[in-house]
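Heads up, the thing below is written out as structure tokens.
Readers should treat all values here as calculations from the given coordinates under stated rules, not as data from a laboratory. Everything numeric in this text was worked out from a predicted model, so none of it was measured. With ideal geometry, Cβ positions are generated from the backbone for all residues, glycine too; neighbour counts draw on all protein chains shown.
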Amino acid sequence: MNSTALVWDERYLWHHVGNGAGVLPEGGELIEPGDFGEESPHPRRRLRNLLEVSGLLDQLCLLKPRPASRDELTRVHTPSYVDRVAALARSGGGDAGGGTPFGANGYTIAALAGGGCLAAVDAVLAGTARNAYALVKPPGHHALADSGNGHCIFNNVALAAEHALAVHGLERMSILDWDVHWGNGTQELFFEDPRVQTISIHQADWYPRGGGLAGEVGRGPGVGSHLNVELPPGSGSGAYRAAFERVVGPALAQHRPDLVIVSCGYDASALDPSGRMMLTSEDFRLMTRWTMAYAEQWCDGRLLMVHEGGYAPAYVPFCGAAVIEELCGAREVIADPFLARLGGAGYADLQAHQSEAIERTLSAHSRL
Ligand SMILES: [Zn+2]
């Protein structure tokens, strides 16, 4: 059995985030409203379209999401927060907190994103799919127990992990987050929990500012289960490879997860307007290949990838397709037309200051 499930629903693209411009929200005297706000639907829509026109979609098992119930949402979020989002949606929309605008459909679609991840966990753990890719929106990894943050309403990967613990009786999980932004919400939700290991590889001191430091290793019984790799801006293939070889591999070997979940953002790509990294589709392909090998080693290949950020509408589709091709063992590979320009760029190899940043994580986790 070698099937890959793809979670998808057209309504994910209907999540309304206002007419902002880049990182700026709608409004402001000098800002012309646009439809190219940071969390616009275009990158995901174009990824879904590329899957279709390339034929890759035909090699996947489509998995229709269901909405996560209030009980499922409150495994991760406080009841008052869940009810606040629902009430704001009923009134036409609002902000879930920390720059997370949404419209009248915000609660419904965010619950459908979370529920899509639960359906994916069910499919992977039941063995009806070997692995799964949840092409959901809104993203989730910044969302906190009692607040939205950075366009994230409900924390999709945390909902998936809690579901696997509560319903499927799993005991250990690892959440690897390679979105260019620090996975602050996921870390905070599990910071005292030794069962759910979190590993965030992100651009140092970028978003949210002031955290995601190598020295943040957990609280109480969670100490040692949480890792942060703070890569300097400008990191490329070499730095990410070193982070996997020196940190991710040994950390997973130590934790021995029953399931691996990836917060899969594409904003570390060389063309992203919201990150300052240098990755190409080939790097996302390799990171997926390495992660699959770890999952094979520790949990029979059980792997769930959840779409997070990525704001280059032209390039996210090729990076996402590379990830999905690896997951399903695609017969043919889509040629990335950007590679001729982006591949082999100067300074993509591991640089000394990047190596030192990775070593700081190792110093904070002396047992790795
Ligand atoms: Zn991001």
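With +1 on the Cβ of every Lys and Arg and -1 on the Cβ of every Asp and Glu, and nothing else charged, how large is the dipole of segment 225-302 about its Cα centre, in debye rounded to the nearest 20?
It works out to roughly 120 debye.
Which whole-angstrom value gives the distance between the alpha carbon centres of segment 49-91 and segment 1-40?
15 Å
Quick check: convex hull of the Cα atoms in segment 127-179, volume per residue, rounded to a whole Å³?
105 Å³
For Ala5, enumerate residues with amide H under 5 Å from its amide H, sequence gap 5+ or separate chain, H modeled in the peptide plane.
Here Cys61, Arg130, Asn131, Ala132, Tyr133 satisfy the definition.
May I ask you to compute the full-extension gain from Glu332 to Ala253, defined as 0.36 nm times their residue separation minus their alpha-carbon distance, rounded to one decimal in nm? Walk me through the numbers on the way to the answer.
Working: separation 79, 0.36 × 79 = 28.44 nm, distance 3.17 nm.
Gain on stretching Glu332 to Ala253: 25.3 nm.
Can you say what percent of the DSSP beta bridges in the chain, counting only those with both residues inside, are antiparallel? Round to 5.
Working: 6 of 41 bridges.
Roughly 15 percent of the DSSP beta bridges within the chain come out antiparallel.
Are there chymotrypsin sites (Phe, Trp or Tyr not before Pro) in segment 281-310 that DSSP puts in a loop and that have at most 14 other Cβ atoms within 10 Å, and which ones?
Within segment 281-310, no chymotrypsin sites (Phe, Trp or Tyr not before Pro) qualify (loop, at most 14 other Cβ atoms within 10 Å).
Any chance you could run the full-extension gain for Arg90 through Asn49? It's 0.36 nm times the residue separation minus the Cα-Cα distance, nm to one decimal.
Working: separation 41, 0.36 × 41 = 14.76 nm, distance 3.15 nm.
My answer for the length gained is 11.6 nm.
Counting only other residues whose beta carbon sits under 11 Å from that of Ile334, what net charge do I get with K and R as +1, D and E as -1?
Net local charge, Ile334 excluded: -2.
Taking +1 at the Cβ of each Lys and Arg and -1 at the Cβ of each Asp and Glu, which of Thr100, Tyr81, Trp298 sits farthest along the dipole of the chain towards its positive end, judged by Cα position relative to the Cα centre?
Trp298
In percent, how large is the relative contact order of the chain, given Cα pairs closer than 8 Å and 6 or more residues apart?
So the answer I get is 18 percent.
How large is the Kirkwood hydrodynamic radius of segment 4-364, in angstrom, based on all distinct alpha carbon pairs?
For segment 4-364, the Kirkwood estimate is 20.0 Å.
Counting only other residues whose beta carbon sits under 11 Å from that of Gly222, what net charge do I get with K and R as +1, D and E as -1?
So the environment of Gly222 carries a net charge of -2.
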